[in-house]
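Written out below as structure tokens is the structure these notes cover.
The values are calculated or read from the model by the stated rules, or taken from the named source; none is laboratory data. Quick caveat, the model's predicted, so the values are computed rather than measured. For neighbour counting, all protein chains shown are included, and Cβ atoms are generated from backbone atoms with ideal geometry for every residue, glycine included. Please note that ligands, DNA and RNA were not included when accessible areas were found on the heavy atoms of the full protein model with its side chains. Shrake-Rupley method; radii C 1.70, N 1.55, O 1.52, S 1.80 Å.
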Amino acid sequence: MEIIPDIELAAIDWLNQHKKLAENQKKPLVTLSYAQTLDGSLTIRRGRPIGLSGPQSQRLTHRLRASHDAILIGIGTVLSDDPQLTVRLVKGKNPQPIILDSRLRIPLECQLLRRQDCKVWVACAVTAEETRQRRLLQRGVELIPLPRRGDRGLDLEKLLQELWQRGIESVMVEGGAKVLTSFLTERLADLAVITIVPRWLGGVNVISHQRASDQLPSLNHVRYEVFGRDVVVFGDLDWSER
């Protein structure tokens, strides 16, 4: 029998409470989950991934993955990290992987397309190249065509509506910077679990760009937990103070 540390149980209990509150919204609960340095950096430079989290906070990340129906990342993270997006460090079910890839740049040989346990869902632009669409469909990829919202990329609100129709009630968004920024500036995220590691990088910041009209939230009902050398901050997003 797996023994779950109390601090992991506290984070999961907090998440489950919010899942119950979100059932009436008819949209998936969206959790932003990422690691950053003391200066807010995700990595040294784009396309060059770097491991930040310690082993204890990595376990929490996998525990959170197992507690969500789906996990979502952008194509930049696929191209730089070639991730599996599975639950490996704890016992639990793998979430449904979802990739934001407007131009269908996902490599046909990446690990996600080699997974046997589930088909990857790729959200793309309705105008994405048809030849590329056919190749991915042949590889078992499930495409979710979406309209664009000007220079803001794919219509994420439409995506969440589609995911709800598919039975997805909770989504964990892990990055990268552009994706995290989009969910924040478009007010589509509900919760945040942020791992802060005790180092500086001077690299790529979490907030990749911001317009003067964009309003960013604060965290409400905040909790702080120490996982090894890392500090994990979690709370629900609140725009009312701005």
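Starting from 0.36 nm per residue, how many nanometres of slack lie between His221 and Lys119 once their C-alpha separation is accounted for?
Contour length minus the Cα-Cα distance gives 33.1 nm.
Taking the solvent-accessible surface of protein heavy atoms with a 1.4 Å probe, what is the per residue accessible area of the chain in Å²?
Heavy-atom accessible area per residue stands at 51 Å².
With runs of 4+ DSSP H residues as the only contributors, calculate the mean residue ellipticity of the chain at 222 nm using -39,500 (n - 2.57) per run, divided by the residue total and rounded to the nearest 500.
-8000 deg cm²/dmol
Full-extension gain between Leu9 and Glu169, please, as 0.36 nm times their residue separation minus the C-alpha to C-alpha distance.
So the extension gain works out to 55.6 nm.
Remind me, relative contact order of the chain in percent, using alpha carbon pairs under 8 angstrom and six or more residues apart?
Computed value for the chain: 28 percent relative contact order.
Over 18 Å between Cα atoms: which of Lys93/Lys119; Lys93/Lys158; Lys26/Lys158 fall into that group?
Lys93/Lys158
Could you let me know the centre-to-centre spacing of the stretch 213-242 and the stretch 9-31, using Cα atoms, in angstrom?
After rounding, the separation between the Cα centres reads 15 Å.
Decide, for the chain, between rounded, prolate and oblate: order the square roots of the alpha carbon gyration tensor eigenvalues as a ≥ b ≥ c, take rounded if a/c falls under 1.5, and otherwise choose prolate if a/b is larger than b/c, else oblate.
It comes out rounded by the Cα gyration axes.
Can you give the FRET efficiency for Lys93 and Glu130, using 1/(1 + (r/R0)^6), R0 = 51 Å, r = Cβ-Cβ distance, to the nearest 0.05?
Approximately 0.90, to the nearest 0.05.
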